[in-house]
Each structure stands twice: as C-alpha cells, then as structure tokens.
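The values are calculated or read from the model by the stated rules, or taken from the named source; none is laboratory data. Model, not experiment: these values are computed from the prediction. Positions of Cβ are generated from backbone atoms using ideal geometry, with glycine treated the same way; all protein chains shown enter the neighbour counts.
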Amino acid sequence: MSARAARRRWTRAAWRRLALVLLWLGHGAWVLVGPDAGRRWTHTADTLALPAQGAARQWEGWRARRRDDGRSLQDLQAENTRLASDLAALRLQNAQEAPRLAEAEEALRVLGLRKLIPLELSAARVLFSTRPAAFGGLILDQGRDHGLVEDQGVLAPEGIVGRIWSVGPTQAKVLPADAPNASVAVMLIRSRATGVLQGLGASRAHIRYVSNQEVVQPGEAVLTSGLDRVFPRGLLVGHVVRVERGELELELTVQLAAPLDRVSTVLLLPPQPPLEAQQPFVQPEQPKPAGRKKGTP
Amino acid sequence: MRPPTPTTLRQHLLCAGGLLLVVLTAPFPSLQAVVHSALVLTLAPQPGAPLTGALWALAAGWTLELTLRLPPHLGGTAWADLTLVLIAGWTAARWPLDGPKDWLTRLTALTVLHVLLLHWMVRLAAGPHPWGWSWLWTLLSLPLWAWGAWRLLHPAAPTGRR
C-alpha cells in the first residue's frame, strides 16, 4: 500500500522534468504558431466563438422579432384608436347632416313633383307643426310677403297636405286634410264617383256623398276631383281603408297618403288652379284588351 | 582525469555575468552572438540541474531576441537555446568530460548544432531571414571562448598544456 502511494507521489525531479517538458512544448507551440499568430489566434477564437455567435444571432433575431411584433401591435392599436375616432367623427357628422340630407331628399322629391305638375308651384318649408293641438296645423315659412293667399292648395310628393288656412306677413298656417273642419273635393279612381273628404284626425278622413250604389273596394285610390277649385283634378289624396254601406251613401274611410306628421317641405299650388292640370298620379287599371278578331293583323 | 564540477553558486554567477554581457553587447550583434553561444553552450548546462540550465538558456534567448527586436515573431532563439542546453546537459551527464579536448570537440559539435537549430527555429517562428555572419564569428572564435569558459568553470583543472 505504502509502495503504491510512494509510486504515485511525485518527486521534485519529476516536477522538474514536467516543467522542462512544458517549457519546451510551450516554446515549441509558440514558435510553431508563427508570425501570423494574431491572425491564427483570431481565426481560432472566431471558430471557437461560432456557437456563441450563432446563439447571439438567434437571441438578437428573437429580440428583433419581439420588438417588431410589439411595434406592429402598437401600430395596430394606434390605428384601431384612430379608426375608432374617425368612425365616431363620421357618425357625428352623419348625425349632424342627417336632417339636411333628409331635407335635401325631400327637396329633390318636391322638385320632381314640381316638374310633374305643369303649374306655377312654389316651395315652402314647414317651420313646425301644431297638429297635435285642437285645430292645429302646419306653419310655413312664407306668408303674404311671398304672395301667399288663403285657400291655396298644399302638396307633398306623396299626396295633398291641405290648404292654406290663414296667412300672416311672413308665415302661413296650413289646414291639414285630416282636420275635422277640412274638406276636399275628391273622386274615386275606379268608379269616378265624386264626394267630399272630411277629416277625422290622425291622417284619416271619410268621404261623404258617395252613393251606396257605387262599388268601392278597400285599397282604391282617392284623387282630387278639382271641383273645389283648390286642387286640380287627379292629385292623390289617399286610399280607401274601410267601406261600409249606409242607408243612402257609402261610409268610406280614407288613409291619407301624405305623411302629415313628417312633412318638411311642401309645394304651394296657385290660387284657383285650373280644373285639369295633369294626369292622375295613380294610373287607373287598364281593361284587358279583347281577343284579336280573325283576320286582323 | 575528470575536472571537478563547479559549484552551483559559481555557475549562477557566471550565467548572470554572461546574461549581462548579452545585454551590454547588444550594439555589436556579432559579439553578442558569440557571448550568447558561450552562455548557452558552456555556462548554462548543468548535468544535475537541467531546469536551472533551461531557465538560464531561456533567459539568454529571450534577452537576445528582445535586444535585437527581431520581427515579427519572437521565441525561436529561446526554443533553440532550451533544446541545446538540454542536449548539452544530457551529453555532459551521459559522457562526462575527460579534458579540454573533449570539451572543445563537444562544444564544436554543439555549436554547429546550435547554429543550425537556431536558424531553423527562428525560421519556424519568424519566417525566412538572412543568416548574417554571426555564426561564422562564433565558430571562428570558438577556441577562444571555449578556453575562457573552461578556465572560468574549472579554474583548478589542467589546461591541457604539458
């Protein structure tokens, strides 16, 4: 045991021999590295550093991707915020311009109606409506200064509205057709039976003086007859919604075509318009043509 | 009759003096080469202490190269000196000297080997280089510095003259 330990123990001579060997090998290695030691050491260091450089590149690439992802996320969030603000601004603008747009559309429709009716029509704007009140009506922004007089017919693109009831210097009041004290000379489009429309309120009216011998069906259009000299013949008034046969005459209930609660722009007919001004808005049902006779082309 | 072995202290002092001469003779490369060869081949080798002789040889080689500022890569001279001093020490231990003739013969062989090994290792370290004439001066002056070293190392030994 002790002999083995003694063999293992290094003597001073062995250490000296080891030092000599290391000195000789060290100098030899140093000499063999040669004059390009710097380049070779650099090459060796570069070779040894390749794994670390690869790992560093991976790390830097990961950080760059993460940074780009974060930047793109921030850009998306900023863009989302910007789009949300733009959307809110557009909605606000849309809400602000909606009345003007509706008014413009109404004006276009009125303009179209004005082209259809070959009369000297003037447009007016409805300032406000007092229809919910008793004997209420529509207040127009024009009055005597613009040449308005009483009993001028008032139209909307959908149908008649009423007549001018009173005229002030700058404003005029319209008596709507559904007012209890309003009356319009009308006729049924199919039977051509004439009568007098009297208001019932809530955009409804009934027609009087139509004989119970007439055949009237619900849904039949009601036009102005022109006999009252307020409206010319053929303007749409509304449609029959209920027909009841009375003792002497038919009890006809009519739903007015013009939206009296939502009308904002109206056309004013000239006073005492001619009886015939235009073709009726609603074309009467055309009878089916008879079968061709033999020998006719 | 074998000459007595010089004391360690004497040999260290002689090596230190030789190293100092190597430094001082730096302005004269030919003379420095002679002193350097004498230090490495005669003063540094110690049969019983190879490490000490190796360190003196290394000191001599590095001192020579540093004083000459040999570009571009140093170390070849020190490596050659180390190798030679080990060979010289091994030779001295393997075949002890019998007299000045053996000493001169052995130094001649070692000097030639030193010159060749020195140029080869310097070529390995620094690349191709001119040989110069230092090796010739070293060989020509070999009897002189060999005799001087013998007298310094073995002052009591016979000079060979009868």
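A few points about this structure:
- Test result for A:Val110, surrounded by 15 or more Cβ atoms within 10 Å (Cβ to Cβ) and hydrophobic (A, V, I, L, M, F, W, C): yes
- Taken together, the residues in the range B:73-98 that are closer than 15 Å to B:Pro45 by Cβ and within 14 Å of chain A (Cβ to nearest Cβ) amount to 12.
- Number of the exception - B:Ser30 against (1) within 14 Å of another protein chain (Cβ to nearest Cβ); (2) within 25 Å of B:Leu124 (Cα to Cα): (1)
- Condition check for A:Gly136: outside any loop (DSSP other than H, G, I, E, B) and either out of contact with any strand residue (DSSP E or B) (no Cβ under 6 Å at 6 or more places or on another chain) or on the phi > 0 side of the Ramachandran plot (or both): no
- All positions within the range B:18-29 that are surrounded by 16 or more Cβ atoms within 10 Å (Cβ to Cβ) and in a helix (DSSP H, G or I): B:Gly18, B:Leu19, B:Leu21, B:Val22, B:Pro29
- Pair list, Cβ under 9 Å, 6 or more apart: the range A:84-95 residue on the phi < 0 side of the Ramachandran plot and surrounded by fewer than 10 Cβ atoms within 10 Å (Cβ to Cβ), other residue among the aromatic types (Phe, Trp, Tyr) and not in a helix (DSSP H, G or I): none
- One residue from A:Asp145, A:Asp75, A:Asp151, A:Asp68 being over 25 Å from the mean Cα position of the chain (by Cα), in a helix (DSSP H, G or I) and either within 30 Å of A:Leu275 (Cα to Cα) or touching a residue at least 60 places away in the same chain (Cβ under 8 Å) (or both): A:Asp145
- Filter result (under 36 Å from the mean Cα position of the chain (by Cα), surrounded by fewer than 19 Cβ atoms within 10 Å (Cβ to Cβ) and among the β-branched types (Val, Ile, Thr)) within the range A:183-241: A:Val241
- Residues that are among the charged types (D, E, K, R), farther than 30 Å from B:Pro27 by Cβ and either in contact (Cβ under 8 Å) with a residue 24 or more places away in the chain or assigned to a helix (DSSP H, G or I) (or both) do occur in the range B:89-98.
- Restricting A:Arg109, A:Arg91, A:Arg114 to residues that are within 27 Å of A:Pro259 (Cβ to Cβ), in contact with a strand residue (DSSP E or B) (Cβ under 7 Å, 6 or more places away or on another chain) and of a type in the set (Lys, Arg) narrows the list to A:Arg114.
- Look at (1) facing chain A (nearest Cβ under 10 Å); (2) over 17 Å from the mean Cα position of the chain (by Cα) and you find that B:Lys101 fails only one, number (1).
- In the set (1) at pLDDT 90 or above; (2) within 13 Å of chain A (Cβ to nearest Cβ); (3) crowded, with 17+ Cβ neighbours inside 10 Å, the condition left unmet by B:Arg106 is number (2).
- Some residue of the range B:136-155 being crowded, with 18+ Cβ neighbours inside 10 Å and more than 16 Å from B:Val40 (Cα to Cα): yes
- Residue list for the range B:116-134, filter: surrounded by fewer than 20 Cβ atoms within 10 Å (Cβ to Cβ) and assigned to a helix (DSSP H, G or I): B:Leu116, B:Leu117, B:His119, B:Trp120, B:Arg123, B:Leu124, B:Ser134
- Test: residue in the range B:53-72 that is more than 25 Å from B:Thr7 (Cα to Cα), within 14 Å of chain A (Cβ to nearest Cβ), in contact (Cβ under 8 Å) with a residue 24 or more places away in the chain and surrounded by fewer than 16 Cβ atoms within 10 Å (Cβ to Cβ): yes
- Residue count for the range B:12-64 under the criterion of being under 17 Å from B:Leu82 (Cα atoms) and polar (S, T, N, Q): the result is 5.
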